[in-house]
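Down below is the structure, laid out as structure tokens.
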Amino acid sequence: MPQYEPEKIQRVVLKISGEFLAGDRGYGYDHDVLERLAEELIDIKKLGISVGIVIGGGNLYRGAKGEAEGLDRVTGDNVGMLATIQNSLVLNDYIRRMNFQAEVFSALQCDKVCHFYIPREAEVSLRKGRIVLLAAGTGNPFFTTDTAAVLRAVELKADLVLKGTKVDGVFSSDPVKNKKAVFYPEITFDEVLAKRLNVMDMTAFSLARDNNIPIKVFNITKKGNIRAAILKRDEGTFIY
């Protein structure tokens with residue numbers, strides 16, 4: 001059985017929801033959350049670990065809500081991708097204010113505000129020590145930012161996908177609704193499928209399994225937990 005080996009982690013892709021940036025507000029941005037997130041990302045970089053970030057857009061716009069209100073699905077997904085660009089630009093600014101280098105790469109062309117995503121150029125940026133924000137999902141409708149995070153991890157040869165959530169990892173059922181839910185410190189891809197656990201959407205999960213990209217699911221709402229999820233075997237759930 002593979003064991004989580006933090007000393008071998010040199011590059012990660014972190015996936016966080018847009019809602020996380022909103023804090024308790026539920027919409028828009030929380031200054032304290034953004035400041036803390038920027039500090040924690042810089043802390044990870046100072047460990048010598050390359051960091052790519054994929055952020056959702058749910059704090060600004062959710063495609064599913066637009067579709068429910070009659071908006072065309074493709075249009076809704078395109079608006080959602082634009083929301084992820086906004087989120088990436090905002091976080092990028094917070095990182096830069098702390099005198100650390102960061103760059104935004106978008107799967108949609110927005111040349112005036114960010115770079116167009118080309119894997120080799122994002123790779124160069126990572127090698128130069130910059131924090132890289134990977135915006136606009138996959139650049140296509142019908143794909144989630146979970147899928148984008150795994151795809152970018154494959155393209156950029158990351159060692160691990162970090163998925164920040166509001167709970168401590170993977171449970172047998174929703175721990176918020178079921179206090180008796182069982183926590184899994186580690187679990188295989190096949191076990192997740194067999195138990196029908198809700199970790200990521202199936203496209204993202206299958207892509208990770210087929211390309212042997214492990215996933216660490218952890219609670220990002222706890223201060224310092226990005227670092228802990230990488231360095232501590234017993235923080236979060238390791239999926240391999």
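Could you check region 148-240 for strands (runs of 3 or more DSSP E) lying wholly inside it with 3 or more residues that are hydrophobic (A, V, I, L, M, F, W, C)?
160-165, 215-219
Here are N78, N140, N87: which of them is assigned to a helix (DSSP H, G or I) and closer than 25 Å to S206 by Cβ?
Only one candidate passes the filter, namely N78.
Before we move on, is D168 charged (D, E, K, R) and either farther than 28 Å from S125 by Cα or touching a Gly at 6+ places or on another chain (Cβ under 7 Å) (or both)?
Judged against the criteria, D168 is a match.
Considering each residue of region 191-240, count those that are surrounded by fewer than 19 Cβ atoms within 10 Å (Cβ to Cβ), basic (K, R) and without any contact (Cβ under 8 Å) to a residue 60 or more places away in the chain, and give that number.
The qualifying residues number 3.
Pick from E103, E121, E155: which is under 20 Å from D210 (Cβ atoms) and of a type in the set (D, E, K, R)?
The match here is E155.
Being closer than 21 Å to A149 by Cα, crowded, with 23+ Cβ neighbours inside 10 Å and in contact with a Gly (Cβ under 8 Å, 6 or more places away or on another chain) is the requirement here; does G56 meet it?
yes
Going residue by residue through region 153-176, is there one that turns out to be more than 22 Å from I230 (Cβ to Cβ), surrounded by 15 or more Cβ atoms within 10 Å (Cβ to Cβ) and of a type outside the set (F, W, Y)?
Scanning region 153-176 turns up at least one residue that is more than 22 Å from I230 (Cβ to Cβ), surrounded by 15 or more Cβ atoms within 10 Å (Cβ to Cβ) and of a type outside the set (F, W, Y).
Restricting to region 90-118, name every residue that is surrounded by fewer than 17 Cβ atoms within 10 Å (Cβ to Cβ) and not in a helix (DSSP H, G or I).
M98, N99, Q101, Q109, C110, D111, K112, V113, F116, I118
Please verify whether R11 is surrounded by fewer than 21 Cβ atoms within 10 Å (Cβ to Cβ) and in contact with a Ser or Thr (Cβ under 7 Å, 6 or more places away or on another chain), treating the condition exactly as stated.
yes
Give me the residue from region 70-129 that is within 22 Å of G23 (Cβ to Cβ) and β-branched (V, I, T) and, out of that set, nearest to the chain's Cα centre (by Cα).
The residue in question is T84.
Every number in this text was worked out from the coordinates using simple rules, so none of it is lab data. What you are looking at is a predicted structure, and each value in this text was computed from that prediction instead of being measured. A quick note on method: Cβ atoms are made from the backbone with ideal geometry, for glycine too, and the neighbour counts reach across all protein chains shown.
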